Amino acid sequence: MENKKELRTWLDNFGLEHPLVIAGPCSAETEEQVLKIAHQLKDSDATVLRAGIWKPRTRPGNFEGVGALGLKWLQKAKEETGMLITTEVANANHVDLALEHDVDILWIGARTTVSPFIVQEIADALEGTDKPVLIKNPVNPDLSLWLGAVERFYTAGIKNLGVIHRGFSTYEKTRYRNNPEWQLPIDLQNRFPDLPLILDPSHIAGRRDIIFDLCQTGLDLNYDGLMVETHFDPDNAWSDAAQQITPSTLIQFMDDLKIRKETDATAEFRNRINTLRTQIDVIDHQLIEMMGKRMTVADDIGTLKKEHNVAVLQTKRWNEILGKMILQGEEKNLSEEFILRVFKAIHQESINHQEEIINH
Ligand code: PEP
Ligand code: MN
């Protein structure tokens, strides 16, 4: 699938001056709950109301969603507020029911994107419709699975597509419920620049105190929209209570967030950014030159080790280098995590070179 301009037409047709905002509860709970939240969001920047009807839960026994009944509540909310409505579909039957109830946008959950069988089933069920479909990233950080799901829909003739970044599972607990791995959606966007990219800060955060900062990061990275879980009584929500915010908090956030422009046409901006970018290009060039030089020295060490039959990996020496680099990095405001990543990569490349020398 090459990049296709048509991919974002549906979003441009909304004619929004700001990013697309999708808001609403994690789950539809009762008719009153859905309607109350919709009315509280009615005059906000949120143009699309979300609510899960069929809830894929990690462990059985949690609230599994109200089922098709909730579609009627969403339809009623749409009639009363004029908001568009969206829900998650996880099989062909859900698709049929959602289409019958005029759901405007469908989304594919993270646990569905991992399964090409189900993705194909849903794509087939949508054939011939022009429903926008938003594809959440798979739970695991695998770009091909995410791309594959986009391609399956595209190949089935569903051209009104978008993706939702909701973070990735990790075994080790971090400050996030789902680690953002910002590079992954950026890589996806490099492949398909016209595919609308929406941030779901709620499922990344898992807690409400960092939702604002995540939204700002999304806007700084030029995301096309936000999907934020919103409930009038977050603490008593039937699912994902810790991460929901109230509609009035969302309205305040939208006021406080700085929405960045994609670019600025003024000559002053363009001159300055071009100068700065030239500096970056020069530095990147120097970095490659320096790494090349470092590798030549590593090769010489490899030859010497070979002559003297010495092991490639010298753990003590390596730990000393790392310790020094971390300290030096700190002085330059570079995080330990970054220094470790860079030097581990450089070290690995040196080991590969030396292995090659010693074994040939
Ligand atoms: C949701 O949006 O409520 C949901 C279940 O999301 P995810 O598929 O990202 O876990
Ligand atoms: Mn949720």
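Assorted remarks:
- Criterion applied to Ala28, Ala68, Ala51 was being out of contact with any strand residue (DSSP E or B) (no Cβ under 6 Å at 6 or more places or on another chain) and within 16 Å of Pro234 (Cα to Cα), and the one residue passing it is Ala28.
- The number of residues in the range 149-170 being surrounded by fewer than 20 Cβ atoms within 10 Å (Cβ to Cβ), touching a helix residue (DSSP H, G or I) at 6+ places or on another chain (Cβ under 6 Å) and of a type outside the set (Lys, Arg) comes to 1.
- Residues being assigned to a helix (DSSP H, G or I), modelled with pLDDT under 95 and more than 16 Å from ligand 2 (Cβ to nearest atom) are represented in the range 219-236 by at least one member.
- Yes/no for Thr86 being assigned to a strand (DSSP E or B), without any contact (Cβ under 8 Å) to a residue 60 or more places away in the chain, out of contact with any Cys (no Cβ under 7 Å at 6 or more places or on another chain) and assigned by TED's automatic domain parsing to the domain that holds Leu134: no
- Qualifying position, being surrounded by 15 or more Cβ atoms within 10 Å (Cβ to Cβ), closer than 14 Å to Val228 by Cα and either within 16 Å of ligand 2 (Cβ to nearest atom) or hydroxyl-bearing (Ser, Thr, Tyr) (or both), among Ala23, Ala28: Ala23
- Flag if Phe212 is modelled with pLDDT of 95 or more, more than 12 Å from ligand 1 (Cβ to nearest atom) and either part of a loop (DSSP other than H, G, I, E, B) or not assigned by TED's automatic domain parsing to the domain that holds Thr129 (or both): no
- Search result, residues across the range 43-83 that are part of a loop (DSSP other than H, G, I, E, B) and surrounded by 20 or more Cβ atoms within 10 Å (Cβ to Cβ): Asp45, Ala51, Ile53, Trp54, Lys55, Gly65, Val66, Met83
- Among the helices (runs of 4 or more DSSP H) confined to the range 247-360, the ones with at least 1 residues that are closer than 26 Å to Gly218 by Cα are located at 247-256, 267-308, 336-358.
- Comparison of Ile251, Ile245 shows that the only residue that is among the β-branched types (Val, Ile, Thr), in contact with a strand residue (DSSP E or B) (Cβ under 9 Å, 6 or more places away or on another chain), in contact (Cβ under 8 Å) with a residue 12 or more places away in the chain and within 15 Å of ligand 1 (Cβ to nearest atom) is Ile245.
- Only one of the numbered conditions (1) surrounded by fewer than 19 Cβ atoms within 10 Å (Cβ to Cβ); (2) more than 20 Å from the chain's Cα centre (by Cα); (3) within 14 Å of ligand 1 (Cβ to nearest atom) is violated by Gln120, and that is (3).
- Contacts under 9 angstrom Cβ, first residue in the range 322-341 being under 24 Å from Glu181 (Cβ atoms), partner among the hydroxyl-bearing types (Ser, Thr, Tyr) and exposed (fewer than 12 other Cβ atoms within 10 Å of the Cβ), 6 or more apart: Gly329/Ser335
- Filter result for Asp130 (within 20 Å of Ile22 (Cα to Cα) and away from ligand 1 (no atom under 16 Å from the Cβ)): yes
The values are calculated or read from the model by the stated rules, or taken from the named source; none is laboratory data. Predicted, not measured: the structure shown is a model, and the values here were computed from it. Cβ atoms come from the backbone with ideal geometry, glycine included; neighbour counts cover every protein chain shown.
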